[in-house]
1. Could you grab me the full set of residues in the range 513-538 that are under 30 Å from residue 612 (Cβ atoms) and in contact (Cβ under 8 Å) with a residue 60 or more places away in the chain?
2. With the requirement that a residue be surrounded by 11 or more Cβ atoms within 10 Å (Cβ to Cβ), within 17 Å of residue 465 (Cβ to Cβ) and touching a helix residue (DSSP H, G or I) at 6+ places or on another chain (Cβ under 7 Å), what does the range 481-515 give you?
3. Considering only residues of the range 342-367 that are surrounded by fewer than 21 Cβ atoms within 10 Å (Cβ to Cβ) and farther than 18 Å from residue 280 by Cα, which is modelled with the lowest pLDDT?
4. Being closer than 29 Å to residue 750 by Cα, surrounded by fewer than 20 Cβ atoms within 10 Å (Cβ to Cβ) and under 26 Å from the mean Cα position of the chain (by Cα): is that true of residue 215 here?
5. Being more than 26 Å from residue 97 (Cα to Cα), surrounded by fewer than 23 Cβ atoms within 10 Å (Cβ to Cβ) and in contact (Cβ under 8 Å) with a residue 24 or more places away in the chain: is that true of residue 140 here?
6. Is it the case that residue 684 is at pLDDT 90 or above, surrounded by fewer than 18 Cβ atoms within 10 Å (Cβ to Cβ) and under 21 Å from residue 98 (Cα atoms)?
7. Mind checking which residues of the range 551-580 are within 17 Å of residue 101 (Cα to Cα), at pLDDT 90 or above and surrounded by 20 or more Cβ atoms within 10 Å (Cβ to Cβ)?
8. Inside the range 737-753, can you point out the residues that are part of a loop (DSSP other than H, G, I, E, B), at pLDDT below 95 and touching a strand residue (DSSP E or B) at 6+ places or on another chain (Cβ under 9 Å)?
């Protein structure tokens with residue numbers, strides 16, 4: 001296939017035809033105001049609307065999340081084909097999500113949203129998602145992978161994930177769910193809300209609180225010797241707290257209007273580390289943590305808010321405008337390297353290199369004297385903006401229907417990095433005898449700022465059984481980089497502005513739609529991009545990452561919604577792949593354009609409930625999701641930093657952390673008040689580095705193979721009454737010991753067998 005010709009034809013079409021919404025809905029049904037608002041908050045709307053998307057998409061409902069008692073985004077997204085996941089901490093605190101083979105590191109190539117608003121701390125200046133919305137408080141999760149993602153920048157090489165928060169109840173409601181389990185797990189999600197009718201209009205509110213705490217499933221070396229850390233703690237767990245308030249008002253005016261205010265806050269205190277294990281240590285005990293990591297802790301605080309206004313001018317035209325703002329502060333104090341202590345003459349070395357020697361491992365365990373350098377990775381992020389979407393429906397001569405959307409967004413984000421080191425002198429046995437603290441900013445003091453103005457236009461053009469959905473987005477990006485604060489004079493700084501245009505188009509044909517059965521085929525082509533950070537762009541001349549993606553698929557559902565299937569072939573070509581040479585390592589810190597990458601594969605999914613289909617009293621929901629991916633380097637990588645996991649990659653090598661086959665499947669049974677579910681996930685072998693290194697002796701702990709694995713979970717529920725439900729879950733029921741990642745610094749385990757139980761009620 002000549003992709004250059006296709007691309008040229010596509011771009012010509014984009015500027016010569018009417019353009020508008022990526023959400024091709026059945027226009028035979030008029031939408032009411034609340035449904036139109038949901039289109040701004042939600043990409044899809046419900047699992048039953050997936051068929052209306054002219055491209056590959058998935059919707060995971062409230063029932064999908066709560067029935068299985070899931071609080072880990074990795075567990076949720078296993079059910080979506082085309083998603084590759086690299087776990088890190090065992091709890092989903094720091095997800096690494098890849099869609100269709102793009103780089104998974106910190107979900108930096110996927111646009112993350114909550115209620116249609118960007119959620120990465122600084123999606124342009126520093127897209128690494130050290131904050132990710134909490135799955136346990138969500139009412140749904142949407143995934144867009146094809147050409148429909150054109151509207152949702154800035155990162156469109158991978159796709160988009162939209163978290164849907166709890167909505168305001170239409171009547172008075174109180175809900176609470178409490179979970180208790182191993183490793184001192186305590187989890188609670190509670191909310192109260194109502195919608196009231198007043199003389200001036202309709203008013204609704206929601207007050208929500210979510211909390212989770214545990215002591216972690218990993219054990220520190222020398223724990224029995226009571227070696228203190230610097231925080232007075234000795235566990236590997238975390239505490240998370242999330243309050244949220246939503247308010248809305250619908251005044252009694254000639255034109256329907258709705259004003260919504262949302263305010264949320266997240267506080268996380270996690271005793272998490274970058275330091276993993278050598279392969280040998282992992283095989284001996286995967287759940288140990290070296291004593292040197294007992295000082296490690298990330299504290300983060302996030303505030304998010306938006307004000308959304310909707311006005312319906314008539315049944316065909318409406319305008320939705322959202323003003324949003326987020327702040328995110330975090331300091332990840334963590335072991336960074338070992339230093340020369342002048343006694344053992346241990347050369348200054350990275351943690352991964354230390355794991356490769358017995359002397360280094362002995363210091364990390366706390367057995368041998370040495371100097372441990374801690375790095376305070378302190379960051380402050382700011383983000384605010386306004387986005388507006390004008391929607392208009394019209395019918396032209398011949399019965400052709402258009403659903404036109406024109407959107408605008410102004411976005412500002414900033415990251416300020418103020419890092420410093422702490423050197424801890426360790427005696428044999430692990431006791432700390434001296435501590436030296438560097439000045440704030442002495443280990444990194446930079447500011448990155450991005451201002452982005454975006455316009456997009458899309459159109460769902462429906463003629464008979466055909467729906468053609470072209471779209472285009474233009475971004476004007478103004479970037480600034482400063483050594484220090486950009487408010488200071490006499491410092492090194494740089495600026496750059498540039499214009500980016502991307503577009504896409506999808507085509508859907510309704511082959512059959514009758515008696516509750518629906519069969520359609522769809523195809524799409526889109527141009528994507530991912531911007532470089534201001535520092536990389538200005539200081540290093542790094543260019544943007546671009547992609548050309550193609551998909552061809554089919555969907556089917558039968559009557560009673562008992563069977564739904566989807567099969568999609570995808571092909572994505574990525575040029576100037578942006579890679580970070582020091583993800584967790586002590587590399588040079590530069591991001592580079594690493595070369596060309598090609599990913600292609602097949603996504604298969606099926607959901608079937610034979611009991612529902614046959615009208616039995618016993619329901620038997622079952623699903624399977626299969627992703628077959630070939631993700632390879634088309635050129636030798638440009639990286640020569642030995643700490644980079646991309647260093648040494650040759651043409652034809654597989655991309656790190658992308659298995660060739662992922663299969664998820666599940667079986668369930670629902671009978672009267674009882675429900676039971678069994679879920680499983682299988683992944684074939686993958687590599688932790690672009691050189692596709694084996695995991696032999698002496699290999700850098702960050703490199704090597706990630707073995708294949710099969711992990712199974714189970715859940716049991718009992719509906720005591722229409723207001724009370726009890727449940728229990730078992731995670732990793734076969735006690736599989738497996739490596740989920742070798743990043744940031746050494747082998748890391750998935751969670752062990754974990755048993756939990758709890759109760760939920762609504763009033």
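The values are calculated or read from the model by the stated rules, or taken from the named source; none is laboratory data. This structure is a prediction, so every number in the text was calculated from the model and none was measured. Here the Cβ is made from the backbone with ideal geometry for all residues, glycine too, and neighbour counts use every protein chain on show.
1. So in the range 513-538, the residues under 30 Å from residue 612 (Cβ atoms) come out as 513-522.
Across the range 513-538, the qualifying residues are 518, 520, 522.
2. Start the filter on the range 481-515 by keeping residues that are surrounded by 11 or more Cβ atoms within 10 Å (Cβ to Cβ), which leaves 481-486, 488, 491, 493-496, 498, 500-513.
Filter again for within 17 Å of residue 465 (Cβ to Cβ), leaving 506-513.
506 - this is the single residue of the range 481-515 that is surrounded by 11 or more Cβ atoms within 10 Å (Cβ to Cβ), within 17 Å of residue 465 (Cβ to Cβ) and touching a helix residue (DSSP H, G or I) at 6+ places or on another chain (Cβ under 7 Å).
3. It comes out as 345.
4. Numbers: closer than 29 Å to residue 750 by Cα: yes; surrounded by fewer than 20 Cβ atoms within 10 Å (Cβ to Cβ): yes; under 26 Å from the mean Cα position of the chain (by Cα): yes.
So residue 215 fits the description; yes.
5. On the way: more than 26 Å from residue 97 (Cα to Cα): no; surrounded by fewer than 23 Cβ atoms within 10 Å (Cβ to Cβ): yes; in contact (Cβ under 8 Å) with a residue 24 or more places away in the chain: yes.
Against the criterion (more than 26 Å from residue 97 (Cα to Cα), surrounded by fewer than 23 Cβ atoms within 10 Å (Cβ to Cβ) and in contact (Cβ under 8 Å) with a residue 24 or more places away in the chain), residue 140 does not qualify.
6. For residue 684, the condition - at pLDDT 90 or above, surrounded by fewer than 18 Cβ atoms within 10 Å (Cβ to Cβ) and under 21 Å from residue 98 (Cα atoms) - is met.
7. Of everything in the range 551-580, those that are within 17 Å of residue 101 (Cα to Cα), at pLDDT 90 or above and surrounded by 20 or more Cβ atoms within 10 Å (Cβ to Cβ) turn out to be 551, 568, 570, 572, 574.
8. Step one: filter the range 737-753 for residues part of a loop (DSSP other than H, G, I, E, B), giving 737-738, 742-744, 746, 750-753.
Next cut, at pLDDT below 95 only: 742-744, 746.
Result: 742, 744, 746.
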